[in-house]
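See below for the structure under consideration.
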Amino acid sequence: MDYECKVLSNTCLKGEYFRIVFSAPGIAAKAKAGQFVHVRIPTLRDRILRRPFSINDTDPEKGLLTVTYKKVGRGTAELAGLPPGAVCSVMGPQGKGYTLPDKETFPILVAGGYGSAATFLLAKHAPRKGVLLLGARSGEDLILAEEYERVGFPVKIATNDGSVGHKGFVTELLEEALAEAKGKKAFVYGCGPEGMLFALGKLCLAENVKAELSLDRNMCCGTGACFACVVKVKDESAPEKWRYSRSCKEGPVYGAEELYYG
Amino acid sequence: MADLTTKLGPLTLKNPVMTASGTFGYGAEYEEYFPIRKLGAVVVKGIAPWVSNGNPMPRVAEVTSGMLNAIGLQGPGVEKFLHDGHYLPFLRKAGAVTIVNIWGKKIEDYCEVAERLTAEKEGIAALEINISCPNVKEGGIAFGTDPVMLKKVVSAVRKSTTLPLITKLSPNVTKIADFALAAQDAGSDIISLINTIPGMSIDIETFRPRIANVTGGLSGPAIKPIAVRMVYEAAKAVSIPVIGMGGISSAEDAIEFFLAGASAIAVGTAIFSNPAAPVEILAGIDRWLDGHRIGSLSEIVGQVKIQEKK
């Protein structure tokens, strides 16, 4: 559905990272981890398309929807300028989210950069607390770690420049985490850049661990109509072949076994 | 309430608002935003005889007041369209007036799709021949930019179906009137225009085109004046009805097309920013007519006042 939503707050977390809270009772009531909202930014007059954002957090009782975003282009720069009281058209919740973990599942969340926004609701609602492996280019790009700790998820950090935590890729932390989780019913949930997600997917397939990955694509309609945001997935009728799947509709979350890595 | 009944040759619609092929999926994608049976017609994304993967990614780029796309006609193929619950069976159940856009690589492909659809035509109001897609090498635009080829494909499809036939014209020609006439001569009941206009956009940091196909079709408000001009020129040339489209995002935009000579209009790219755009435009047309004390939409079709040159 499409709702007119009032901006309640819109603040800078740090650097280029921002958090906007909408009054959006219809979306907050239904949203699941991994789904997204498709936002029309009212001040973008000569740019006609909406912008998709992961749902970071919701408060169904108060009707709140939180989106955490990075200023990366004109759309997000305009979004960052919206004052409280501004009204946006917000479509959502869109797409297929993550499979929620059950009581036995030990969730291993793996996030690259602001991918940590998309996996937060999993941590908040997981019946059994797991761990967040958070990767970023450098310490300046680490966000939301404290919030995960607040909901009972310890955070292990990897940065490419080694400024915080392990120097290297977050996938290296995953190998360790999988070894530690031996004997537990581990389930890996990923969100981040495509290269990281593909490495994650392949590793989990090799280790025979279930994994779901949220792919980030530029989108156009956000409803499955235009076929602009497609992702290569294995063709069910012939597994060595691929077909294009609409990430806004069949995704953005895919099982590691569904994706085509060729 | 003005009379919005729209007569397009053999096809009568309850109102003049349709969706432009490729921008509304197969209807099901939008049923949660408004009842799609409210539209004059739903024009579905192009159907070929085969399953089609379309073009590589990236497929769209946003530009000033518009967008480029090179989706490449990804689609389920005619058999799946006819029988899978997501496609035609859904449209029938939703009570939508459905127009099926068809394409192929050879003339026989167009005929094959037309025959299959005609054989199971329950719920199908008309066929729209796509000879104007700029993003597939074979078929598509090759037929749309040569009046001789256009006549051949339209005549052949005409023999393959008893359904009302719409020919969707390409704007990428010098004299649109010739193509409109060719479609009429070949037996098309209706013409629709315009399809997208080829364009290009380059990322100045990577030096790469912003679309994998290098070029893509430009749509959105940026192309509206071109579309109005071409609808005007085409409508003047033919006696069959015209469906106008190209950058329509408000009722006022739609009225311009009616004045230029369109009997019906299609909303396309505007749907991406506002899924309810087609029904909002429909309500706006009604309000505009009431506000101008015009009892019937047909009264304004082609009524642009042109001062004669002395």
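Values for this structure:
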item: Beta bridges by DSSP in chain B, antiparallel share as percent, to the nearest 5; result: 35 percent
item: Qualifying aspartates and glutamates (Cα of each under 13 Å from Cα of residue B:224; at least 8 residues distant if same chain); result: B:252, B:253, B:256
item: Average partner coverage of A:42-53, which counts Cβ from other chains inside 10 Å; result: 4
item: Separation of the residue B:7 and residue A:202 label points, Cα + 7 Å toward Cβ, nm; result: 6.6 nm
item: Chain A: angle of helix A:170-180 to the longest principal axis, Cα-based, in degrees nearest 10; result: 50 degrees
item: Which of A:43, A:28, A:88, positive extreme of dipole for region A:2-94 (C-beta unit charges); result: A:43
item: Simple label model, 7 Å out from Cα along Cβ direction - residue A:210 to residue A:236, nm; result: 1.9 nm
item: Shielding by partners - mean other protein chain Cβ count within 10 Å, residues of B:56-65; result: 6
item: Cα centroid separation - region B:14-31 against region B:37-77, whole Å; result: 12 Å
item: Cβ-Cβ FRET estimate between residue B:79 and residue B:202, R0 fixed at 56 Å, reported to 0.05; result: 0.90
item: Cross-link pairs B:45/B:159; A:96/B:14; A:96/B:168; A:182/A:202; B:38/B:106 - those with Cα-Cα distance over 26 Å; result: A:96/B:14; A:96/B:168; B:38/B:106
item: Under 17 Å from residue A:70, Cα to Cα: lysines that are on another chain or at least 8 residues apart; result: A:14
item: Aspartates and glutamates with Cα under 12 Å of residue A:184, excluding same-chain neighbours fewer than 8 positions away; result: A:104
item: Label point distance in nm, residue A:61-residue B:229, each placed 7 Å from Cα along Cα→Cβ; result: 6.2 nm
item: Cα-centre dipole for region A:105-255 with unit charges at Cβ (Lys and Arg positive, Asp and Glu negative), debye to 20; result: 500 debye
item: Value of [θ]222 nm, deg cm²/dmol, for chain A, DSSP H segments ≥ 4, -39500 (n - 2.57) each, nearest 500; result: -5000 deg cm²/dmol
item: Fraction of beta bridges assigned by DSSP in region A:34-174 that are antiparallel (%, nearest 5); result: 50 percent
item: Estimated dipole of region B:22-155 in Debye, rounded to 20 [Cβ of Lys and Arg +1, of Asp and Glu -1, Cα centre]; result: 140 debye
item: Helix axis angle, A:194-207 relative to chain A longest principal axis, alpha carbon, degrees; result: 30 degrees
item: Exercise: per-residue mean of other protein chain Cβ atoms within 10 Å, B:17-29; result: 3
item: Span from the region B:163-213 Cα centroid across to the region A:178-193 one, whole angstrom; result: 50 Å
item: Nearest-20 debye value, chain A charge dipole, Cβ charges on Lys, Arg, Asp, Glu; result: 520 debye
item: Over chain B: helical MRE at 222 nm, DSSP H runs n ≥ 4 each giving -39500 (n - 2.57), nearest 500; result: -9000 deg cm²/dmol
item: DSSP bridge orientation in region A:105-255 - percent antiparallel, rounded to nearest 5; result: 25 percent
item: Separation of alpha-carbon centers, region A:1-26 and region B:220-269, rounded to whole Å; result: 38 Å
item: FRET efficiency, 1/(1 + (r/R0)^6) with R0 35 Å, evaluated for residue A:4 and residue B:290 via beta carbons; result: 0.85
item: For the protein assembly as shown: rounded, prolate or oblate by the Cα gyration tensor [a/c cutoff 1.5]; result: prolate
item: Förster radius 22 Å - calculated FRET efficiency between residue B:50 and residue B:152, Cβ distance, rounded to 0.05; result: 0.55
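Rule-based calculations on the coordinates, nothing more; no lab input. Being a predicted model, the structure only gives us computed values, none of them experimental. Here the Cβ is made from the backbone with ideal geometry for all residues, glycine too, and neighbour counts use every protein chain on show.
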